[in-house]
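Enquirer: So that we are looking at the same thing, I have put the structure below in structure tokens.
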Amino acid sequence: MLSKSLIEKILMAVLRNGGDFAEVFVEKRYDNRISMKQNLVEKAISGNEFGVGIRGFLGDKAVYAYSNDVSETNLISVAERVGKTLGEIKIKDTVLNFNKVEYKENNRVFLYPNDIDKKEKILIMKKASESAKNYSQLIKQVIVNYWEYDQSVLIANTEGVWAEDRRVRTRLMIQSVAEQNGIMETGFYGPGAGMGFEFFNSLDPHEAGKRASRIADRMVKADPAPAGKMPVIISNEFGGVIFHEAVGHSLEATSVSKGASVFCDKLGQKIASDCVSAVDDGTIANAWGSSNVDDEGTPTKRNILVENGILKGYMVDKLGARKMKTEVTGSSRRMNYKYAPTSRMTNTFILPGKSYPEEIISNTEYGIFAKSMGGGSVQPATGEFNFAINEGYLIENGKITKPVRGATLIGRGNEIITKIDMVGNDIGRGQGMCGSVSGSIPADVGQPTIRVSEILVGGKNK
């Protein structure tokens, strides 16, 4: 991608002009997106991207620059400007000895994107589209998006790191819109994996389409959700987005190193109920958020965040490690070479407990069952969050009775995890895109079925 000699020159250009650490991130990427509406392809966009990011540190000060002009003259010039912006320390002579980072291959790929004809990809989309449209007469619109990319990266730094990785990801996204009596509701399902086209050996596009339309069909027929404080049971798979948003972001060094997290200085302290344990694991084979190394060249790992309610660790990148005076955790990620990396989640989930989902429901006299969660937002400094329930049901006398729509969950992450009083044994994971200061990245969320003993539900008051 770039020669070793050029990378050495870039790194030294940073050090000779200022700074005590330098890093080069080289990215080559093929991206392909196809959009289908009402069973007709609306657009197909594919292309290649190649660029370089250059970063320097001086203590806990960081400067980042990038360019898609990869000529030696330009890259050396960019590196010099990075160093001069840092200033102060100027290292004239040093020897860079690179050690190639060794790792276990987490994401084996068998069918690479460019090896598959677009007609085969469109056929998959048509199967999902037709299945979604035919689910119910109430389904008025179906949009299917197909996305895949093949990203190769090279990371080298003045600590001797030399890491290379190739990441291939594939995703199918179905959105169905149902309409009845002037009311419209949307259902969405977006499975993805760190795989090539072989992903569809295990994913049935017909069933994926039905799943999106089932949500829309049921919700458009549903009564408005009740409002107030009550128990809420959150289903597995994408239900894990609530931990991701309400807790996970507050455990990233991005927030912790600035003192802008409700979990600052809480290591070793009890922050959740005894039945809650959670991890962030970037090593899961072919998972949506997995990679062999992070975007600073550190091998990914399984990081224990919470164990039996006790805070065990944060997710830490190199700059965060300098500020917090701790070790990196293989958690540094970025959208592409145009973004400086920072601490981010990979595959984050609550570990399974001992209860059966049926047991959790039967032990709940009244409340809401959140079968499918939508997007949410959180303020890491305060832990305040707000989430939409895409598919919800009322629980009465220990049984799921009828669908309800328009429910939202409102609260503080640091309070809610202390109110999780039952954890199921049916762990599942779902896929999504996570946005933060280093861009939008693939992230896997997950959990078993859990019950929050009390949470504020936004809905319609009786």
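Enquirer: Give me the net charge for the shell around residue 138: Cβ to Cβ below 12 angstrom, other residues only, Lys and Arg +1, Asp and Glu -1. It would help to have the intermediate numbers written out before the result.
Expert: On the way: positive: 133, 140, 214, 218, 221; negative: 179, 185, 217.
Here the charged neighbours net out to +2.
Enquirer: Right, another one. With a cut-off of 8 Å between alpha carbons and a minimum separation of six or more residues, what is the relative contact order of the chain in percent?
Expert: Numbers: 1319 pairs, mean separation 75.9, N = 462.
The normalised contact order for the chain reaches 16 percent.
Enquirer: Relative contact order for segment 228-458: what percent, with Cα pairs under 8 Å and sequence separation of 6 or more?
Expert: On the way: 674 pairs, mean separation 71.9, N = 231.
Computed over segment 228-458, the figure is 31 percent.
Enquirer: For the Cα atoms of the chain, what angle does the longest principal axis make with the long axis of helix 72-86, in degrees from 0 to 90, nearest 10?
Expert: For helix 72-86, the angle is close to 80 degrees.
Enquirer: Suppose we keep just the alpha-carbon trace of segment 228-458; what are its Rg and Dmax in angstrom?
Expert: 17.0, 54
Enquirer: Quick one: if the Förster radius is 22 Å, what FRET efficiency do residue 31 and residue 115 give, using the C-beta to C-beta distance and rounding to 0.05? Kindly include the intermediate steps, with their values, before the conclusion.
Expert: Details: r = 16 Å, r/R0 = 0.72.
It comes out at approximately 0.90.
Enquirer: Here's something else I'd like to know. Based on the Cβ-Cβ distance of residue 400 and residue 363, what FRET efficiency does E = 1/(1 + (r/R0)^6) give at R0 = 22 Å, to the nearest 0.05?
Expert: Working from the Cβ atoms, E equals 0.95.
Enquirer: Any chance you could give the angle, 0 to 90 degrees and rounded to 10, that helix 118-133 forms with the longest Cα principal axis of the chain?
Expert: Taking Cα atoms only, the helix is inclined about 30 degrees.
Enquirer: Same structure, new question: If I take every Cα pair under 8 Å that is 6 or more residues apart in segment 366-437, average their sequence separation and divide by the length, what percent do I get for the relative contact order?
Expert: After rounding, I find 26 percent.
Enquirer: Inverting the mean 1/r over all pairs of different Cα atoms, compute the Kirkwood radius of the chain and quote it in Å. Please list the in-between numbers first.
Expert: Values: mean 1/r = 0.0427 Å⁻¹.
Evaluated over the chain, this radius sits at 23.4 Å.
Enquirer: Let me ask something additional. Mind ranking 34-43, 4-13 by how tightly packed they are, going by the mean number of other C-beta atoms within 10 angstrom, highest first?
Expert: Sorting 34-43, 4-13 by mean packing, highest first, produces 4-13, 34-43.
Enquirer: What FRET efficiency comes out for the pair residue 72/residue 46, r = Cβ-Cβ distance, R0 = 30 Å, nearest 0.05? Display every interim value, and only then the final one.
Expert: Values: r = 29 Å, r/R0 = 0.98.
In this case the efficiency is close to 0.55.
Enquirer: Over 26 Å between C-alpha atoms is what I'm after, so list which of 229/258; 100/121; 28/323; 43/133 land there.
Expert: Values: 229/258 33 Å; 100/121 36 Å; 28/323 31 Å; 43/133 20 Å.
Check vs 26 Å cut-off fails for 229/258; 100/121; 28/323.
Enquirer: Tell me, in nm to one decimal, what length is gained between residue 377 and residue 418 on full extension, where the rule is 0.36 nm per residue of separation less the Cα-Cα distance?
Expert: 12.8 nm
Enquirer: Quote to one decimal, in nm, the extra length available between residue 338 and residue 202 on full extension: 0.36 nm per residue of separation minus the C-alpha distance between them.
Expert: Result for the pair: 45.6 nm of gain on full extension.
Enquirer: What value, in deg cm²/dmol to 500, does the helix sum -39500 (n - 2.57) over DSSP H runs of n ≥ 4 give at 222 nm once divided by the residues of the chain?
Expert: -5500 deg cm²/dmol
Enquirer: State the extension gain, in nm to one decimal, for the chain segment bounded by residue 159 and residue 9, taking 0.36 nm per residue of separation less the distance between their alpha-carbons.
Expert: Roughly 52.5 nm would be gained on extension.
Enquirer: Of the peptides 221-232, 339-350, 385-396, how do they stack up when ordered by the mean number of other Cβ atoms within 10 Å, highest first?
Expert: Listed from highest to lowest mean packing, they are 339-350, 385-396, 221-232.
Laboratory data are not the source of any read-out in this text; all were calculated from the coordinates shown. Model, not experiment: these values are computed from the prediction. Methodologically, a virtual Cβ is constructed for each residue, glycine included, from the backbone with ideal geometry; neighbour enumeration extends over all protein chains shown.
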